[in-house]
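Below is one structure, written out as structure tokens; comments come after it.
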Amino acid sequence: MVTKEKNIRLFGAPLAMRRKGAATDAVVLGEIMKKPGITVSEIAETFGWSNGKVDGSINRLCAEGKVSVKHYLQRGMLVKRVYPKEYHVKPGDIQVPEKMVNRSLWTDSAVVYALSRSTIGVAPEQVEEWDKKALFKDCARITRDKENIVVTMPERFCDFYQLENSDMSVSAIGNFILVTVESVIPVNLPSSYSEEENVAITRVSMMLKSEKTKS
């Protein structure tokens, strides 16, 4: 009888772990679908989990073909961004949560201003103060998804700010949007590489050389 109970525990433990992992994966995948390009640390902070738990879930989702991963060197950190598998990254698209602004003011287009080398201003109509200080301005197309206003940057802005290799954070002042642009360095690493803090560029170079040697 003791032996039988012991066997039940032995066989039941892996099954329980798999179920728990599947539940975690479902939550993580849901967050990735809502916020394409979210990082491991951002997901961990949202749910109060460890980076290791989230990273393990993402690795499983990658193995199942449900998500894809891109690594970037940003402010001395190796950042791991995660996207739905079929998601096409559009560097010129800026997603603004609708709850940040008055939706009724944002129709089919917006005025975008190059306020500085690192700041873009977006407004539903012309802003006199920004007209005077901006390096240049243009019109941008607006579309919508379920939760966001999506502003598609004109090609001139994409080139000037190198948006393809940049990270953007969005804030709002009233119904004006400020986009802070920060340059990042894409790093071609296997999807299983974890996020790391205080990573020197020389270390990333060594990792890349190591991967080339293995291949």
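With respect to Glu125, is the statement that it is in a helix (DSSP H, G or I), modelled with pLDDT of 90 or more and of a type in the set (Asp, Glu) true?
no
Would you pick out the residues in the range 47-99 that are touching a residue at least 24 places away in the same chain (Cβ under 8 Å), among the acidic types (Asp, Glu) and more than 23 Å from Ala23 (Cβ to Cβ)?
Matches in the range 47-99: Asp93, Glu98.
Taking the criterion of being surrounded by fewer than 17 Cβ atoms within 10 Å (Cβ to Cβ), of a type outside the set (S, T, N, Q) and part of a loop (DSSP other than H, G, I, E, B), would at least one residue in the range 160-173 satisfy it?
No, every residue in the range 160-173 fails to be surrounded by fewer than 17 Cβ atoms within 10 Å (Cβ to Cβ), of a type outside the set (S, T, N, Q) and part of a loop (DSSP other than H, G, I, E, B).
Just name the residue that is nearest to Glu196 (Cα to Cα) out of those in the range 52-78 that are in a helix (DSSP H, G or I) and within 15 Å of the chain's Cα centre (by Cα).
Only one residue tops the list, namely Asp55.
For the range 16-64, enumerate the residues that are polar (S, T, N, Q) and surrounded by 15 or more Cβ atoms within 10 Å (Cβ to Cβ).
Within the range 16-64, Thr24, Thr39, Ser41, Asn51, Ser57, Asn59 meet the criteria.
Give just the number: which of (1) under 17 Å from Gln95 (Cβ atoms); (2) in contact with a Lys or Arg (Cβ under 9 Å, 6 or more places away or on another chain) does Lys35 not satisfy?
Here Lys35 meets the rest and fails (2).
Among (1) surrounded by 12 or more Cβ atoms within 10 Å (Cβ to Cβ); (2) part of a helix (DSSP H, G or I), there is one condition Val111 misses while meeting the rest; what is its number?
That leaves (2) as the condition not met.
Considering only residues that are farther than 21 Å from Ser41 by Cα, touching a Cys at 6+ places or on another chain (Cβ under 9 Å) and at pLDDT 90 or above, which ones fall in the range 67-122?
Ser109, Ala110, Val111, Val112
Name the pairs whose Cβ atoms lie under 7 Å apart, with the first residue in the range 189-204 and within 12 Å of Tyr72 (Cα to Cα) and at pLDDT below 85, the second among the small types (Gly, Ala, Ser) and not in a helix (DSSP H, G or I), and 6 or more positions between them or separate chains?
Short answer, once both residue conditions are applied: Val199/Gly76.
Looking at (1) among the aliphatic types (A, V, I, L, M); (2) part of a loop (DSSP other than H, G, I, E, B); (3) surrounded by 14 or more Cβ atoms within 10 Å (Cβ to Cβ), which one does Val89 not meet, given that it meets all the others?
That leaves (3) as the condition not met.
The values are calculated or read from the model by the stated rules, or taken from the named source; none is laboratory data. Note that this is a predicted model, so its numbers are computed, not measured. Note that we place each Cβ from the backbone using ideal geometry, even for glycine, and neighbour counts take in every protein chain shown.
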